[in-house]
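Student: What follows is a single structure, and I will ask about it in a moment.
The values are calculated or read from the model by the stated rules, or taken from the named source; none is laboratory data. Since we're looking at a predicted model, the values are computed, not measured. Neighbour counts are summed over all protein chains in view; Cβ atoms, including those assigned to glycine, are modelled from backbone coordinates with ideal geometry. What goes into the accessible areas is simple: the full protein's heavy atoms, side chains included, and nothing from ligands, DNA or RNA. Shrake-Rupley method; radii C 1.70, N 1.55, O 1.52, S 1.80 Å.
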Amino acid sequence: MPNTVTEKIMLAHVAGGGGLPPRGQPVAISIDQTLTQDATGTIAYLQFETMGLVRVRTKLSVSYIDHNTLQDDYKNQDDHRYLQSVAAKYGIWFSRAGNGICHQVHLERFGEPGKTLLGSDSHTPTGGALGMLAIGAGGLDVAVAMAGGAFSLLVPKIYGVRLSGELRGAVSAKDLILELLRRETVKGGVGAVYEYFGPGVATLSVPQRATIANMGAELGASSSVFPSDERTKAFLESRGRGGLWLELKADEGAVYDRIIDIDLSALTPLAACPHSPDNVKAVSELAGLPVDQVAIGSCTNSSLDDLAAVAEIVRGKTVHPRVSAGIACGSRTTLLAASKAGILSELIRAGFRILESACGPCIGMGFAPKSGAVSLRTFNRNFKGRSGAADAGVYLVSPETAAAAAIAGVIHDTATLELERPYTLPFVESSVQFADDMLIPPLPLDRARHVAIERGPNIKPCPVPQPVSDSASLAVLFKGADNITTDDIMPAGAKVLPFRSNIPEIAKFVFAPLCPGFSQKAQEAGGGVIVGGSNYGQGSSREHAALAPMYLGVKAVLAKSFARIHQANLINYGILPLTFTHPEDYQALQQDEMIEFSGIHQLLDGLTGSGIFEITNKTNGKKIKLKLEADGRDRKILRAGGMIPWLRREEGV
Ligand code: MIC
Ligand code: SF4
C-alpha cells in the first residue's frame with residue numbers, strides 16, 4: 001500500500017510493532033529524540049525525577065536554555081543550574097544559555113530524517129524540515145517519553161501541500177506559510193499533518209523548509225513534514241552530518257485527505273496583522289504604515305539565509321530614526337558564521353541592536369515595543385500583549401519585509417524590491433562551522449550517579465491533582481470567546497516566566513489579561529469550570545495553562561473545540577475536556593452561573609462509550625449535553641486523577 005512520508009515514519013515507530021490504525025484512531029508511537037527548553041523543562045524534569053529512573057531511555061534527549069535568559073534576579077539562573085544538574089545526572093545533552101534557540105540548534109545539530117522527536121514546545125515540528133516526525137507536547141508527555149514510554153495520539157489526517165514554481169525576488173518561505181495561514185486559519189490544521197510534495201519542494205533550502213514547518217504550529221497542526229531529498233543531504237553535509245542522510249519521499253499514489261496547491265512563483269509578500277497569525281493581508285495593502293519597531297529572529301526566521309537577506313537589503317543604509325531595530329540570531333553557530341561572512345558587521349553598522357541568541361522578544365523577554373507601537377517581527381505569534389506592550393500591534397512578516405521597513409520607517413511594498421536569490425548563500429554556507437563548545441554531552445553512567453541535583457528556593461514540587469469526584473456543583477469562573485490562547489490562560493513575559501517552577505506563585509497570573517482576579521475568584525469559589533469557544537488552548541504547549549488552573553481547583557473546561565496539545569495537557573492534569581454538542585448551549589451558558597455534574601465515574605469507566613452526557617444549569621434548570629473528548633486510555637488517566645497517579649497505578653512508578 002502506498003504511503004506518505006508521515007505514514008512511513010509512523011509505521012516504523014508504532015509501539016510494539018504492527019500496522020498503523022486508520023486515520024482518526026488512537027495510536028502509540030515510540031520516540032527516538034526529545035527536547036525540552038528551560039520554561040517548560042523544569043516541570044518536565046521534576047516529573048521525570050518522580051519516575052525513579054537512573055537514565056533517560058531515549059536515543060537522544062537534549063535540554064536547552066533559551067527562553068528564560070533575562071536574569072534580573074536569581075530565579076532563572078537557579079532553573080538553569082537545576083536543568084544542568086538534571087541533564088548531567090540522567091544522560092541528557094545540555095545546551096547552555098547563549099547557544100541558541102532549541103529548534104534552530106536541534107535542526108542544525110541533532111535533527112535526523114526518519115526519526116521521531118517529541119519536544120515540550122509547540123514549535124518542535126521545525127524538525128519536519130529534515131524529514132522527521134517532530135511533535136510538540138506538554139512537559140509531562142515528554143517526561144514519559146524520556147522514561148521510555150510511547151507517545152499517544154490520534155493518527156492524523158494528512159493534508160498534502162503540492163508546491164510548484166519557485167520563490168521570486170523578495171518573496172520568502174515566510175510568505176508561503178502566511179499564505180497557508182490565510183487560507184487555512186489557526187484551526188485549519190487541527191488533527192492533521194501538513195506534508196509537502198511536488199516539484200517546488202526541491203527549490204527550497206532546509207532553513208526555508210524550517211520556517212514553514214515551524215509556523216505550521218500556527219495552523220493548529222500536529223506537525224509538518226518535508227521529504228528528505230538532495231537539499232536535505234546538502235544541509236546535513238554542510239553541518240558535518242551527511243552520514244545520517246536517508247532518502248524519504250511519499251510513494252506514488254499515497255493518499256492525502258486534501259490537496260492544497262501553491263504556486264511559489266505566484267506568491268507575494270504578506271503580513272499577519274494584529275492580533276492573530278491568520279489575520280493575513282498583502283504587504284502592498286499596508287505600504288506606508290509608519291513603523292516603530294523591527295525585530296528579526298525567533299525560531300521561525302533566524303537562519304543564516306535570513307540574516308544574509310537582511311544584510312543584503314540594509315547594505316550601506318541606516319535604520320530609520322523612528323525605528324528601534326533588533327536582531328537575535330537563532331544559534332551561536334549562525335551568529336559565528338554571520339560574523340565570519342561579514343553579515344553581522346553590516347547589521348551592526350546599519351544600526352541593528354544585537355540581542356543574544358535566544359527567544360528574547362518573541363516571548364516578551366525584553367525588547368518590548370513602545371506603547372501603541374507598530375512592531376514588525378519575523379516571529380510566529382502576534383497574540384495581544386505577548387510582546388510586553390498590551391496595546392502594541394505586532395505584524396508578522398518575512399526578514400525581507402522587516403529589513404525594508406527598518407530602513408524606510410514605514411511598511412515598504414517588498415514586491416518592488418529587486419533581489420537576486422540566494423543572496424550571498426554559497427559563500428555563507430561554505431563558512432558554517434559547528435560551534436559545539438556550548439553543548440555539554442551526557443556523562444557516563446558511573447559519573448552521572450554521583451551528580452547532586454541543584455535545587456534553588458524557587459523550585460517547588462509539582463502539585464498532584466485530586467481524582468475527579470463523581471458529582472459536583474461548580475461555578476462558571478470565566479467564559480471566553482473562540483481561539484483563547486495558552487498565552488491568554490497562562491501569560492508569559494519577563495515577570496511571569498521566572499515562576500514556571502513554582503506553581504503556587506505562577507497560578508496568581510492565570511487569565512490575568514482577560515479576567516483580572518481570576519486566581520482569587522477561583523480559590524474563593526473552591527474551584528469551578530472554564531467555558532471557551534472553539535480551538536480553546538491554541539498556541540504554546542505550556543502545560544502550566546492546565547497545571548495552574550488545576551492548582552486553583554478548575555475541574556473541567558467546556559468548549560466548542562480544543563487545540564490538541566492543550567487538550568492532552570488538561571487530561572494529564574485531571575481536568576475534564578468537554579465539548580458542547582449544541583453550539584447554542586455555549587451561547588446560553590453565562591459566566592458565574594452554577595452547573596451540576598453527576599455520574600462522572602460511570603462516564604469515565606465506560607471506556608468505549610460515546611462520552612455524551614448531560615449536566616444541569618442550576619441557575620435556570622436547563623439541561624446541557626456535553627461530550628467528553630477522551631479515548632479509553634485518556635478516560636483511565638482522568639479516572640486516576642491525571643497522568644502521574646495513573647502511571648503509579650499502571651506501571652508502579
Ligand atoms: C511559545 O512560543 O509560546 C513558547 C514560549 O515557546 C511555548 C513554550 C512555553 O510556553 O514555554 C511554546 O511554543 O510551546
Ligand atoms: Fe522561543 Fe518564540 Fe520559538 Fe517559542 S516561538 S520557541 S518563544 S523563539
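Student: I want the local charge near L181. Using Cβ-Cβ distances under 10 Å, sum +1 for each Lys or Arg and -1 for each Asp or Glu among the other residues.
Tutor: Charge balance near L181 sits at -2.
Student: What is the sum of charges, Lys and Arg at +1 and Asp and Glu at -1, for the other residues whose Cβ falls under 11 Å from the Cβ of L130?
Tutor: After counting each charged neighbour, the total is +3.
Student: First select every other residue whose beta carbon is under 9 angstrom from the beta carbon of A350; then total the charges, Lys and Arg +1, Asp and Glu -1.
Tutor: So the environment of A350 carries a net charge of +2.
Student: Which order, highest average first, do 539-550, 2-13 follow once you tally other Cβ atoms within 10 Å for each residue and take the mean per peptide?
Tutor: Highest mean packing first, the order is 539-550, 2-13.
Student: Further question: If you take the square roots of the eigenvalues of the alpha-carbon gyration tensor of segment 177-312 and sort them as a ≥ b ≥ c, do you get rounded (a/c under 1.5), prolate (a/b over b/c) or oblate?
Tutor: oblate
Student: Then there's this: Excluding same-chain residues fewer than 8 positions from K384, which lysines have a Cα within less than 23 Å of its Cα?
Tutor: K174, K187, K281, K370, K479, K495, K508, K560
Student: OK, next. Take the alpha carbon atoms of segment 560-604, find their center, do the same for segment 541-559, and report the distance between the two centers in whole angstrom.
Tutor: 12 Å
Student: Add -39500 (n - 2.57) for each DSSP H run of 4 or more in the chain, then divide by its residues: what number comes out at 222 nm, to the nearest 500 deg cm²/dmol? Each step should come with its number before you reach the end.
Tutor: Details: 24 runs with 197 residues, N = 653.
Calculated mean residue ellipticity at 222 nm is -8000 deg cm²/dmol.
Student: Ordering D292, D32 by accessible area with a probe of 1.4 Å, largest first, what comes out?
Tutor: On the way: D292 30, D32 10 Å².
Largest accessible area first, the residues go D292, D32.
Student: Right, another one. For segment 346-408, what is the accessible area per residue in Å² when the probe is 1.4 Å?
Tutor: Computed with neighbouring chains in place, this is 27 Å² per residue.
Student: In whole Hz and in residue order, list the ³J(HN,Hα) couplings for segment 539-544 that follow from phi through the Karplus curve 6.51 cos²θ - 1.76 cosθ + 1.60, θ = phi - 60°; x for Gly and Pro.
Tutor: x, 4, 7, 3, 6, 4
Student: Oh, and also: In vacuo Debye scattering of the chain, one point per C-alpha: log10 I(q)/I(0) at q = 0.06, 0.11 Å⁻¹?
Tutor: After summing over all Cα pairs, the log10 values are -0.30, -1.07.
Student: Before I look further, what does segment 599-653 give for accessible area per residue, probe 1.4 Å, in whole square angstrom?
Tutor: Each residue of segment 599-653 exposes 50 Å² on average to a 1.4 Å probe.
Student: Moving on to the next point. Give the lysines reachable from K89 as a straight Cα distance under 23 Å; neighbours fewer than 8 places away on the same chain don't count.
Tutor: The reachable lysines, counting only those whose Cα sits under 23 Å from K89, are K59, K75, K460.
Student: Additional query: So if we plug the beta-carbon distance of T619 and R168 into 1/(1 + (r/R0)^6) with R0 = 35 Å, what FRET efficiency do we get, rounded to 0.05?
Tutor: Efficiency at R0 = 35 Å is approximately 0.05.
Student: Towards the positive end of the charge dipole of segment 10-89, with charges on Cβ (+1 Lys, Arg; -1 Asp, Glu), say which of G17, N76, S61 has the farthest Cα.
Tutor: Sorting the options by dipole projection puts first G17.
Student: Quick query: amide H of Y395 versus all other amide H atoms, modeled in the peptide plane; which residues come in under 5 Å with a sequence gap of 5 or more or a different chain?
Tutor: S375, L376, R377
Student: Another one. Starting with the highest mean, order 114-122, 372-380 by the number of other Cβ atoms within 10 Å, averaged over the residues of each peptide.
Tutor: In decreasing order of mean packing, 114-122, 372-380 become 114-122, 372-380.
Student: What distance in nm lies between label points placed 7 Å from Cα along the C-beta direction at D446 and Q587?
Tutor: 7.3 nm
Student: Looking at the square roots a ≥ b ≥ c of the eigenvalues of the Cα gyration tensor of segment 519-596, which shape do they give, rounded for a/c under 1.5, prolate if a/b is larger than b/c, or oblate? Mind showing how you got there, number by number?
Tutor: Working: a/c = 1.98, a/b = 1.05, b/c = 1.88.
Oblate, because a/c is 1.5 or more while a/b does not exceed b/c.
Student: If you don't mind, there's one more thing I want to ask. Express the carbon and sulfur contribution to the solvent-accessible surface of segment 97-180 as a percent, rounded to the nearest whole number, probe 1.4 angstrom.
Tutor: Carbon with sulfur: 43 percent of the solvent-accessible area.
Student: Could you check how much of the accessible area of segment 501-639 is carbon and sulfur, as a whole percent, using a 1.4 Å probe?
Tutor: Working: 2510 of 4980 Å².
The computed percentage sits at 50.
Student: In Å², and per residue, what accessible area does segment 502-571 have when probed at 1.4 Å with the other protein chains present?
Tutor: With all protein chains present, segment 502-571 gives 27 Å² per residue.
Student: Just to be sure I understand the model, the point goes 7 Å from the Cα along the line to the Cβ. What's the resulting Q71 to R649 distance in nm?
Tutor: Computed distance between label sites Q71 and R649 equals 4.3 nm.
Student: Something else now. What's the magnitude of the charge dipole for the chain around its Cα centre, counting Lys and Arg as +1 and Asp and Glu as -1 at the beta-carbon? Answer in Debye, nearest 20.
Tutor: Magnitude of the dipole: close to 960 debye.
Student: May I pose another question? With a 1.4 Å probe and every protein chain kept in, tell me what percent of the accessible surface of segment 274-382 is carbon plus sulfur.
Tutor: Exposed carbon and sulfur together represent 52 percent of the surface.
Student: Which cross-chain or sequence-distant (5 or more) residues have an amide H under 5 Å from the amide H of G532, H modelled 1.01 Å from N in plane?
Tutor: G480, L558, A559, K560
Student: If packing is taken as the average count of other Cβ atoms within 10 Å, what order do 393-403, 409-419 fall into, highest mean first?
Tutor: On the way: 393-403: 29.3, 409-419: 18.2.
Ranked by mean Cβ neighbours within 10 Å, highest first: 393-403, 409-419.
Student: Contour minus end-to-end for D261 and I453, with contour as 0.36 nm per residue of separation and end-to-end as the Cα-Cα distance?
Tutor: 63.9 nm
Student: Any chance you could check the Cα centroid distance between segment 264-327 and segment 158-208 for me, in angstrom?
Tutor: Taking the Cα centre of segment 158-208 as reference, the centre of segment 264-327 is 18 Å away.
Student: Same structure again: Once you order the gyration tensor axes a ≥ b ≥ c over the Cα atoms, which shape class does segment 432-530 get: rounded for a/c under 1.5, otherwise prolate or oblate by comparing a/b with b/c?
Tutor: Taking the square roots of the gyration eigenvalues as a ≥ b ≥ c, segment 432-530 is prolate.
Student: Kindly list the residues of segment 51-88 that lie in the label zone of A12, defined by a backbone N under 20 Å from the point 7 Å along the Cα-to-C-beta vector.
Tutor: Label zone hits: 58-62.
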